[in-house]
Amino acid sequence: MRIGALEAGGTKMVCAVGDENGNLERKVSFPTKTPEETMPVLLDFFEEQKVEAVGIGCFGPVDLNKKSPTYGCITSTPKLAWVNYNIVDAFEKRVGVPIGFDTDVNGAVLGEVCFGAAKGCESAVYITVGTGVGVGVYVNGGLLHGLLHPEAGHVLVARASEDTYAGKCPYHPNCLEGLAAGPAIMERWGRPASELAEREEVWELESYYIAQAVTNYILTLSPQKVILGGGVMHQEQLFPLIRAKVVKMLNGYVRHNAVIEEMDHYIVPPMLGGEPGIKGALVLGRNAGQNIVK
Ligand code: ADP
Ligand code: ZN
């Protein structure tokens, strides 16, 4: 099958064409402007490529409920031009093929489950720590939606007693995104995260917040693999710090070898590098084309 994949982000739209096995044939990016400016470019691309289905992993929040009249809409995004824009509808009307649709991070976890670090897992989480924190959740062989969809980047964490930074999230003074995403690191320490590699205290604190969230995801979702991606995780020294803190926080309660002896293979970076999102979108398209619901 010739499948179109779109990783729709707040700054760029990554478009690709590929097959059922995750092979990408073409990949191009367009800047995210307004829907009026950007959508015709995307629709032209996929129409020209003669795809038989399209999968979209989308920035959000989005409406994923197929029974809702606003299914396929980007809902309350800070990208104001896109608020209430129905991206699925636009594709259905113009490209006229089955459209798979999910959040960008659910796309990313699906990519890693099908082709990457969580291959073969029934349950896995993908956490991106970048401009924001997003969490894709795959449980019992399917992507988790629920009431709206998980917003686990905003889980509340206990503040380190020495941390006087107010937090960057306008909703929550103590959420993971507000305390640990790239912009929070920059505001707290006065320099971009990428320039703070040598500052041990930065990564001690960062790993303390990420480890709390990961511990909670392990306790609630029981993932078989925890994948940590996004720009901030380029600081590879975070991985051993997070693993050690998670072990300490779990304190022996979860009795499985994955979290006792095999931590190095349990909390891992994405295996697909920069491509879990676009490859996941490909799977969303494949599933839509084959009428697979999960
Ligand atoms: P986005 O979340 O917008 O999709 P990224 O995942 O690339 O994009 O995240 C961007 C954030 O990651 C920025 O806040 C940036 O400061 C941070 N970042 C990018 N590269 C690095 C790096 N090498 N080390 C630490 N932080 C980084
Ligand atoms: Zn928040």
- Item | Taking the C-alpha atoms of the chain, convex hull volume expressed per residue in Å³ | 127 Å³
- Kindly state, to the nearest 0.05, the FRET efficiency for Glu195 paired with Asn291, given R0 = 35 Å and r defined as their beta-carbon distance. 0.10
- Contact order relative to length of the chain, as percent, for alpha carbon pairs under 8 angstrom and 6 or more apart: 24 percent
- For segment 16-124, with +1 on Lys and Arg beta carbons and -1 on Asp and Glu, the positive-most of Val51, Asn84, Gly96 along the dipole: Asn84
- One computes Rg over Rh for segment 1-72 from alpha-carbon atoms, with the Kirkwood Rh, and obtains 0.98
- Item | Where trypsin sites (Lys or Arg not before Pro) fall in DSSP loop in segment 86-120, at most 15 other Cβ within 10 Å | Lys119
- Go ahead and estimate [θ] at 222 nm for the chain from helices alone: -39,500 (n - 2.57) per DSSP H run with n ≥ 4, summed, over the residue count, rounded to 500. -10500 deg cm²/dmol
- Query: For segment 1-160, what class follows from the C-alpha gyration tensor (a ≥ b ≥ c being the square roots of its eigenvalues): rounded when a/c is under 1.5, otherwise prolate if a/b is larger than b/c, else oblate?
  - Reply: oblate
- Item | Whole-number accessible area per residue in Å² for the chain, which is evaluated in the context of all protein chains at 1.4 Å | 47 Å²
- Taking every Cα atom in segment 162-208, find the radius of gyration and the maximum pairwise distance Dmax, and write them in Å. 10.0, 31
- Roughly what % antiparallel, to the nearest 5, for the DSSP beta bridges in segment 1-90? 75 percent
- Convex hull of Cα atoms in segment 68-140, direction-averaged projection (nm²): 6.5 nm²
- Task: Quantify how much of the Cα-Cα distance distribution of segment 182-261 extends past 22 Å, in percent.
- Result: 28 percent
- Item | DSSP beta bridges in the chain [antiparallel fraction, %, rounded to 5] | 60 percent
- Area projected by the alpha carbon convex hull of segment 100-256, averaged over all directions, nm²: 9.6 nm²
- Straight-line reach from Lys245: which lysines have a Cα under 28 Å away, not including same-chain ones fewer than 8 places off? Lys119, Lys168, Lys225
- Task: Using a 1.4 angstrom probe on heavy atoms only, work out the carbon and sulfur share of the accessible area of segment 1-134 in %.
- Result: 51 percent
- Taking a 1.4 Å probe, which of Phe101, Phe115 shows the most accessible area, and what order do the others take after it? Phe115, Phe101
- Rounded to the nearest 10, the angle in degrees between the Cα long axis of helix 238-250 and the longest principal axis of the Cα atoms of the chain comes to 70 degrees
- When all protein chains stay in place, what accessible area (Å², nearest 10, 1.4 Å probe) is found for Thr11? 110 Å²
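The values are calculated or read from the model by the stated rules, or taken from the named source; none is laboratory data. The structure displayed is predicted, hence computed values, not measured ones. For neighbour counting, all protein chains shown are included, and Cβ atoms are generated from backbone atoms with ideal geometry for every residue, glycine included. The accessibility values were calculated without ligands, DNA or RNA, using every heavy atom of the protein model including side chains. Shrake-Rupley method; radii C 1.70, N 1.55, O 1.52, S 1.80 Å.
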